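For reference, the structure is listed below as structure tokens.
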Amino acid sequence: MKYIVGLIAMLILFTSGYFFSQWLQLRQAEKNQISSEVILNRIKEVSKLVTVEGYFSEMYNYKNYYNLEWSMFTKKALVRVKAKVSMGVDLNKVNIKLDNVNKVISMDRLPEPEIISLDHDIDYYDITEGTFNTFTPEDFNKINSDAKDYIRKVAIQSELPARAKIQSQKSIETIKLIAESAGWTVKISQPQSIKG
């Protein structure tokens, strides 16, 4: 009888130890909860003609320090920025008139090409913080914004605007060809000269 009671006691002890270890594992398991709410603020109709896309990959150095550039007061990051810049013309800025009777399309000259969209990704490398100067979420937002501005400047100084202008003219020639094959005439107004 003593052996049976001892065996039951050991069985209860092992069973409770097993359930206790399972309970501990469940408590320590990582828990993630994600909730989201998407709100559509507004819809805007646009007429934009994307004529070229440029793909950029740049290394961007960020450094911030207080009066002295000592390691304990300096934070820096090496950032790789990959971006796609779409350039073209905003057709909302073009005045287009249709004359259905005479089958004439009158339109202004296309405006200068502009950046239609800029999509970018950032990878952070070699993030170094000083003892008295550490990164904050605002710093990362500023790096993101500065990197986007940097890519915008690089894109404007590149050959992208000139290529966009050439491609815009080719697009207009294609539109003229299609319209003329349907019996329409396309008239593009010349810019008015400035009298001085």
Q) How much area per residue is accessible in segment 121-196 when the probe is 1.4 Å and only protein heavy atoms are counted (Å²)? A) 73 Å²
Q: Amide H neighbours of T51 under 5 Å, at least 5 residues apart or on other chains, H built in the peptide plane: list them.
A: M87, G88, V89
Q: With a 1.4 Å probe and every protein chain left in place, tell me how much accessible area R109 has, in Å² to the nearest 10.
A: 110 Å²
Q: Go through I116, I39 and list them by solvent-accessible area, largest first, probe radius 1.4 Å.
A: I39, I116
Q. How much of E159 can a 1.4 Å solvent probe reach, expressed as accessible area in Å² and rounded to 10?
A. 120 Å²
Q: Quote the accessible area belonging to I12 in square angstrom, nearest 10, computed with a 1.4 Å probe and with ligands, DNA and RNA left uncounted.
A: 110 Å²
**Q.** Accessible-area composition of segment 97-196, carbon plus sulfur, in percent [1.4 Å probe]
**A.** 52 percent
Q. When the Karplus curve 6.51 cos²θ - 1.76 cosθ + 1.60 is applied with θ = phi - 60°, which whole-Hz ³J(HN,Hα) does each residue of segment 88-104 get, with x for Gly and Pro?
A. x, 10, 8, 6, 5, 8, 9, 7, 10, 10, 10, 10, 5, 5, 8, 6, 10
Q. Mind listing the phi-derived Karplus ³J(HN,Hα) values for segment 116-128, rounded to whole Hz, using 6.51, -1.76 and 1.60 with θ = phi - 60°, and x for any glycine or proline?
A. 7, 8, 9, 10, 9, 10, 10, 10, 8, 10, 6, 7, 10
Q.
Using only the heavy atoms of the protein chains and a 1.4 Å probe, how would K165, K93 rank by accessible area, largest first?
A. K93, K165
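The values are calculated or read from the model by the stated rules, or taken from the named source; none is laboratory data. In this text the structure is predicted, and so the values were computed from the model without any measurement. These area figures cover heavy atoms from the full protein model, side chains too; ligands, DNA and RNA do not enter into them. Shrake-Rupley method; radii C 1.70, N 1.55, O 1.52, S 1.80 Å.
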